[in-house]
Every structure is written in structure tokens, then in C-alpha cells.
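*Asks:* Quick one: this structure, given as C-alpha cells, is what I'll be asking you about.
The values are calculated or read from the model by the stated rules, or taken from the named source; none is laboratory data. These numbers come from a predicted model, not from an experiment. Cβ sites come from the backbone with ideal geometry, for glycine too, and all protein chains shown count toward neighbours. Calculation scope for accessible area: heavy atoms of the full protein, side chains included, ligands and nucleic acids excluded. Shrake-Rupley method; radii C 1.70, N 1.55, O 1.52, S 1.80 Å.
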Amino acid sequence: MKEVFYIKDSVENKISYYHLLFFLMVLPFDRFYSSIILVSFLVHTLIFTNKNSLLRVKKDTLILQSVFIVSLVSVIYSPSASAGLNSISNQLALLLFPLLLTTTSLDLTKYRSQLLQGLTLSCTITVLYLYFDAFHVLLYYHKPLKDIFSWTFVNHNFSLPINMHATYLSMLLVLCIIFSLHQLFYPQTKIKRIYFISCSLILLAGLIQLSSKSAFITLLLIVIVGFPWFLVSKIKRHQYLFISLLASVLLINFILSFQIFRVRYIETLKNDLSENNEVVEKYGRADRWNAAWDLIKQSPVIGTGTGSEIPLLRDIYFERKMYGSYLLSLNAHNQYLSFTINSGIVGLAIYLATMVWGYWQSIKKKDLMLLGFLTLIIVVSFSEDLLDVNKGIFIYAFFFPFLIRSGGRPDT
């Protein structure tokens, strides 16, 4: 791990590197730390900005900032200027990271592997800490260890000690698992192979415990489709596909052998996707999606303006007696619907076009990490308002430009 914490480069680049490294390492924790490091990195970059660094800004920088630009334009016709500006201020990272990672003189391609190793190390230690905390609670209250597989220690309850949303922590774990498995396809020392395998197993255990359906589905898609497409020769693809499918089936059967995970992965999915109009306390995502769709109909082309989603949805929740959603001020829990509410079909089209452009870049460069990241964003966007939450914003804002700028496969 020496190469992660010690690099040979100019003072300017060393400072940039450690900013990015520590930003990644604190991502699993409170957003305060991420925000402080972002501000510090911004100041550092401004100090060393010159004509040459500004010349690195190209049209793809605007593509990476397109989500923010759309939101900024949509503030103009928002029913609440304060709500719109508050939303924009929360999304500033979407503007800053593409600029910062473009103008920095740090060779991101050279240091991609070290930076992702730092994230992997941090996430692995975080998962170990969460399990330590869970078992400590079980032992303190003299509960059987098998209770680790109970609602008390699954999903949000598992990540509660670090106050991190289960889905966003799961996203980080998926990226780290993809990275760790990716490294095993290239020559490594025996110690490093053991390290990456160990990290993968620990992170997978944490992912199962967090029980994020969208993150788990993404991991299966990348392992079954992405790895053979980018990393396995045509001759061995059928063999890899058979083994990966068999392993996936066995893993799923193992997970579903526990009642808690059957309930979490199957029953809660049914509840989310079904309408519960007769039970006020049990409104699922489908009900909020219906409410969001009716709101979209009011202004389908340009939307109702940035920051309008929750206030306008709350009015509909109240009218439909969805008091739980009303009191909790829940959003649509779907990024596609959220974009369409705030910025209309125009905003949604730009978001989707950005994703398509990113996929094209990943295929062009045969970049598995970029493919995995974009697939993660696409899948999670079906169940979360990803860009309404600070951690979701940081994940999108950093990894998209970082993976684009750092090019193909990381150095090993």
C-alpha cells in the first residue's frame, strides 16, 4: 500500500493527489469531510491555474457539466427562487469537479489505480467496522450471533453507525468490488492477489448486508456481461459466462436462503412496485411515481423548475391522503421522473444523452470502471433521486469526470 500514500511528483501534483485520495477515502462518511476537501482542492487548483491549464478545458467538460447547466437554466422559471437556488447550491460539485479534474496538472491516468486502491481500502475498513459494531451490539445484549441476519442489522440499520444511506454506500462498494476483481485479470504479486480477493469478499459481504437491490443488480450485470466483453478473449467467453452465471445463481440461492434477505429483496420490491391506495401507511414507490407522473403532465416539455419537485409533490400527497410521504417530504425516488418534473422532457433528454455519450466513451476506451459506474447510475436512477442527495451528487460529480479523464484501464 506504500504506492497509495507515497508518490514521487511535483509539490503541486502531490497536493492535488492527496486531496483526491483523502476525498475518496472519506466518501463513506459524513458529507462535511467531503465538502471541506472539495473546497480545499478548489482553492489549491485556483492558486496554480494558468493559461495552459485553462486550455485543457474542452467541449466534453460542458457535457460532464450538462446536468448542472440544465438545473441552472430551470431555476429561471422555478415557482420558488429560494428552493431553486438551494438546489443549485447543493449541486455545485457537478460544476466544479469537471473543471477541477480537467485543469489539474496531475496525471489522473497514472494515479487512477492508487486512488481507487485508497477508496477500496477505506470502504473495506468501513465494512469491517460496521460488522464489528454490529457484533459488539449483539454481544453486549447477549443476543445470538445469527441475529446479524435480522432487520436490526440490515440495510439502513447496518450503515447507521456512520450515518450513510445504504444505497450510496452500496454504490461505493460496487465500484470497489469491480476495481478489485478487475485487478485480478492482470499480473499481480501473490500478496496483492490475496489482498484484492480479500477486499472483494469483505465488500461483497457488506453489499449483501446493506441489501441495496439496485446496487446488487448492477454488480451482477457487470460481472456477467461487462467482464467477458472487455477483459475475456472470445475463445474463453462462453466458459467465463457459464462459470459467472453458475456462481451468480449459487450466490443468489445462498442469499435467499435467509428469510431476512428474501423479505428485503423480494417482498419489499413487490411492495414498492405495487399500489397501496387502501392503506395510508404503506404507500410505495409506485404510488409516488404515479403522483410524479401527474405532476409532469402539468408542464411536460420544460418542467416546473429546479427545486419544485418536493413542494409540488407534497401538495399531491396531501390531496391523495399519502400522509406518510407528505410528512417525510419524500421525492419521487426516481431520477428520470425527477429530471422530467424539474426540467421537462428537455432535461431528461440531456441527462440520457450524457449517459449515452459516457457509454460510448467506455466502449471506445474499453474502460470497465467507466462502464460499471454508468451502469450503476442508470440502474440506481430508477429507485433514487440520485442528484438530490449530497452523497449521490458527490459520487456522480467526481467519478464521471475522473473516469473520463483517467482514460483506459488503470495501471497495476
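*Asks:* Taking the criterion of being touching a helix residue (DSSP H, G or I) at 6+ places or on another chain (Cβ under 9 Å), at positive phi and not β-branched (Val, Ile, Thr), would at least one residue in the range 148-167 satisfy it?
*Replies:* Looking for residues that are touching a helix residue (DSSP H, G or I) at 6+ places or on another chain (Cβ under 9 Å), at positive phi and not β-branched (Val, Ile, Thr), one finds at least one in the range 148-167, hence yes.
*Asks:* Using the structure shown, decide if Leu95 is more than 27 Å from Leu220 (Cβ to Cβ), modelled with pLDDT of 95 or more, buried (at least 16 other Cβ atoms within 10 Å of the Cβ) and among the hydrophobic types (A, V, I, L, M, F, W, C). Spell out how you get there, then give the answer.
*Replies:* Numbers: more than 27 Å from Leu220 (Cβ to Cβ): yes; modelled with pLDDT of 95 or more: yes; buried (at least 16 other Cβ atoms within 10 Å of the Cβ): yes; among the hydrophobic types (A, V, I, L, M, F, W, C): yes.
Judged against the criteria, Leu95 is a match.
*Asks:* Quick one: in the range 225-257, of everything that is of a type in the set (Val, Ile, Thr) and either in a helix (DSSP H, G or I) or touching an Asp or Glu at 6+ places or on another chain (Cβ under 6 Å) (or both), which residue is most open to solvent (accessible area, probe 1.4 Å)? Please lay out each step first, then the result.
*Replies:* As a first pass, look at the range 225-257 and keep what is of a type in the set (Val, Ile, Thr): 225, 232, 235, 243, 249, 252, 255.
Then drop every residue that is not either in a helix (DSSP H, G or I) or touching an Asp or Glu at 6+ places or on another chain (Cβ under 6 Å) (or both), which leaves 225, 235, 243, 249, 252, 255.
Values: Val225: 79, Ile235: 155, Ile243: 94, Val249: 78, Ile252: 59, Ile255: 5 Å².
Only one residue fits best here, namely Ile235.
*Asks:* Scanning for something more than 16 Å from Gln91 (Cβ to Cβ), open to solvent by less than 50 Å² (accessible area, probe 1.4 Å) and touching a residue at least 12 places away in the same chain (Cβ under 8 Å), does the range 64-71 turn up at least one residue? Give the steps one after another, and end with the answer.
*Replies:* Of the range 64-71, the ones more than 16 Å from Gln91 (Cβ to Cβ) are none.
No, because not a single residue in the range 64-71 is more than 16 Å from Gln91 (Cβ to Cβ), open to solvent by less than 50 Å² (accessible area, probe 1.4 Å) and touching a residue at least 12 places away in the same chain (Cβ under 8 Å).
*Asks:* Can you tell me which residue among Leu121, Leu145, Leu128, Leu138 is out of contact with any His (no Cβ under 6 Å at 6 or more places or on another chain) and under 30 Å from Asn13 (Cβ atoms)?
*Replies:* Details: Leu145 fails: under 30 Å from Asn13 (Cβ atoms); Leu128 fails: under 30 Å from Asn13 (Cβ atoms); Leu138 fails: under 30 Å from Asn13 (Cβ atoms).
Being out of contact with any His (no Cβ under 6 Å at 6 or more places or on another chain) and under 30 Å from Asn13 (Cβ atoms) holds for just one of Leu121, Leu145, Leu128, Leu138, which is Leu121.
*Asks:* Filter the range 325-346 down to the residues that are aliphatic (A, V, I, L, M) and surrounded by fewer than 23 Cβ atoms within 10 Å (Cβ to Cβ) and list them by number.
*Replies:* Leu327, Leu328, Leu330, Ile345, Val346, listed by residue number.
*Asks:* If you scan the range 73-86, which residues turn out to be in a loop (DSSP other than H, G, I, E, B) and either surrounded by 15 or more Cβ atoms within 10 Å (Cβ to Cβ) or of a type in the set (Ser, Thr, Tyr) (or both)?
*Replies:* Here is the first cut: in the range 73-86, the residues in a loop (DSSP other than H, G, I, E, B) are 78-80.
If the condition is that a residue be in a loop (DSSP other than H, G, I, E, B) and either surrounded by 15 or more Cβ atoms within 10 Å (Cβ to Cβ) or of a type in the set (Ser, Thr, Tyr) (or both), then Ser78, Ser80 are the ones that fit.
*Asks:* Only one of these conditions is not met by Phe185: (1) open to solvent by 70 Å² or more (accessible area, probe 1.4 Å); (2) more than 24 Å from Leu403 (Cβ to Cβ); (3) of a type in the set (A, V, I, L, M, F, W, C). Which number is it?
*Replies:* (2)
*Asks:* Only one of (1) more than 23 Å from Gly226 (Cα to Cα); (2) of a type outside the set (Asp, Glu); (3) open to solvent by less than 10 Å² (accessible area, probe 1.4 Å) fails for Ser212. Which number is that?
*Replies:* Of (1) more than 23 Å from Gly226 (Cα to Cα); (2) of a type outside the set (Asp, Glu); (3) open to solvent by less than 10 Å² (accessible area, probe 1.4 Å), only one is false for Ser212: (1).
*Asks:* Would you be able to tell me the number of residues in the range 103-160 that are open to solvent by less than 30 Å² (accessible area, probe 1.4 Å), more than 30 Å from Tyr18 (Cα to Cα) and assigned to a helix (DSSP H, G or I)?
*Replies:* Number satisfying all stated conditions: 4.
*Asks:* Yes or no: the range 354-362 includes at least one residue that is surrounded by fewer than 22 Cβ atoms within 10 Å (Cβ to Cβ), modelled with pLDDT of 95 or more, more than 21 Å from Phe398 (Cα to Cα) and out of contact with any Cys (no Cβ under 8 Å at 6 or more places or on another chain).
*Replies:* Within the range 354-362, not a single residue is surrounded by fewer than 22 Cβ atoms within 10 Å (Cβ to Cβ), modelled with pLDDT of 95 or more, more than 21 Å from Phe398 (Cα to Cα) and out of contact with any Cys (no Cβ under 8 Å at 6 or more places or on another chain).
*Asks:* Further question: Which pairs do you get when a residue that is of a type in the set (Asp, Glu), found in the range 114-127, comes within reach of a residue that is in a helix (DSSP H, G or I) and open to solvent by 10 Å² or more (accessible area, probe 1.4 Å), reach meaning Cβ atoms under 9 angstrom, with the pair 6+ apart or on two chains?
*Replies:* none
*Asks:* Looking at the range 140-177, which of its residues are closer than 25 Å to Asn334 by Cβ and touching an Asp or Glu at 6+ places or on another chain (Cβ under 7 Å)?
*Replies:* Answer for the range 140-177, where residues must be closer than 25 Å to Asn334 by Cβ and touching an Asp or Glu at 6+ places or on another chain (Cβ under 7 Å): Asn163, Thr167.
*Asks:* Let me ask something else about it. If I ask for residues that are assigned to a loop (DSSP other than H, G, I, E, B) and either touching a Cys at 6+ places or on another chain (Cβ under 9 Å) or surrounded by fewer than 21 Cβ atoms within 10 Å (Cβ to Cβ) (or both), which ones from the range 292-318 would you list?
*Replies:* Step one: filter the range 292-318 for residues assigned to a loop (DSSP other than H, G, I, E, B), giving 297-308.
Of everything in the range 292-318, those that are assigned to a loop (DSSP other than H, G, I, E, B) and either touching a Cys at 6+ places or on another chain (Cβ under 9 Å) or surrounded by fewer than 21 Cβ atoms within 10 Å (Cβ to Cβ) (or both) turn out to be Lys297, Gln298, Ser299, Pro300, Val301, Ile302.
*Asks:* Are any residues in the range 213-228 in contact (Cβ under 8 Å) with a residue 60 or more places away in the chain and farther than 15 Å from Val249 by Cβ, and if so, which ones? Let's see the steps before the verdict.
*Replies:* If we filter the range 213-228 for residues that are in contact (Cβ under 8 Å) with a residue 60 or more places away in the chain, which is where we start, we get 213-215, 217-218, 221-222, 226-227.
Of everything in the range 213-228, those that are in contact (Cβ under 8 Å) with a residue 60 or more places away in the chain and farther than 15 Å from Val249 by Cβ turn out to be Lys213, Ser214, Ala215, Thr218, Ile222, Gly226, Phe227.
*Asks:* Does at least one position in the range 48-56 carry a residue that is in contact (Cβ under 8 Å) with a residue 40 or more places away in the chain, farther than 22 Å from Phe400 by Cα and aliphatic (A, V, I, L, M)?
*Replies:* no
*Asks:* Return the residue satisfying two criteria in turn: it lies in the range 40-63 and is polar (S, T, N, Q) and open to solvent by 30 Å² or more (accessible area, probe 1.4 Å), and of such residues it is nearest to Leu20 (Cα to Cα).
*Replies:* Only one residue fits best here, namely Ser40.
*Asks:* Helices (runs of 4 or more DSSP H) wholly in the range 1-72 with at least 3 residues that are at pLDDT 95 or above and of a type outside the set (A, V, I, L, M) - which ones?
*Replies:* On the way: elements: 2-5, 11-25, 31-47, 51-54, 59-64.
Ranges flagged: 11-25, 31-47.
*Asks:* Let me ask you something else. In the range 319-333, how many residues are of a type in the set (S, T, N, Q) and in contact with an Asp or Glu (Cβ under 7 Å, 6 or more places away or on another chain)?
*Replies:* Initial filter on the range 319-333 (of a type in the set (S, T, N, Q)): 325, 329, 331.
Add one more test, that the residue is in contact with an Asp or Glu (Cβ under 7 Å, 6 or more places away or on another chain), and what stays is 331.
Here the count works out to 1.
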